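Novice: Handing you a structure now.
Values quoted throughout were computed directly from the atomic coordinates according to the rules given, and no laboratory measurement underlies them. All figures in this text were calculated on a predicted structure; none of them were measured in a lab. No Cβ is skipped: glycine too gets one built from the backbone with ideal geometry, and neighbour counts run over all protein chains shown.
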Amino acid sequence: MSKSYVIEWKSLVNGRAGRGTKVFELEEARQLAEELNREYPGIHHEPVESPESQPAPVPAEAEIPQAQAEPEVAPGLPELNHSPDHAFSFE
């Protein structure tokens, strides 16, 4: 699988930072970062590996926050799924 890269940037003036959404191959990302650094000297650009090209970490069961754990249903009671938008609530 080929790795993909995005451009990460940081302002040298005010410290703001961000990450682009367009995905590039490494060499293309390097060339674009160099070009952007020449055109915008107050902002540092660099290619970084895209989050999509990295496998998502799977938390161990002990690391799952309690709010995300499956709720226990008392025996004999119907299980209800509620949504903040009542139009999407299901029984």
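Novice: Of the listed peptides 17-23, 40-46, 29-35, what is their order by residue-averaged count of other C-beta atoms within 10 Å, with the highest listed first?
Specialist: Top of the packing list down: 29-35, 40-46, 17-23.
Novice: Additional query: Let me have the relative contact order for region 1-54, percent, based on Cα pairs under 8 Å that are six or more residues apart. Before the final figure, lay out each step's value.
Specialist: On the way: 88 pairs, mean separation 25.3, N = 54.
Once divided by the residue count of region 1-54, the mean separation gives 47 percent.
Novice: Compute the projected area of the convex hull of the Cα atoms of region 1-54, averaged over all viewing directions, and report it in nm² to one decimal place.
Specialist: 3.5 nm²
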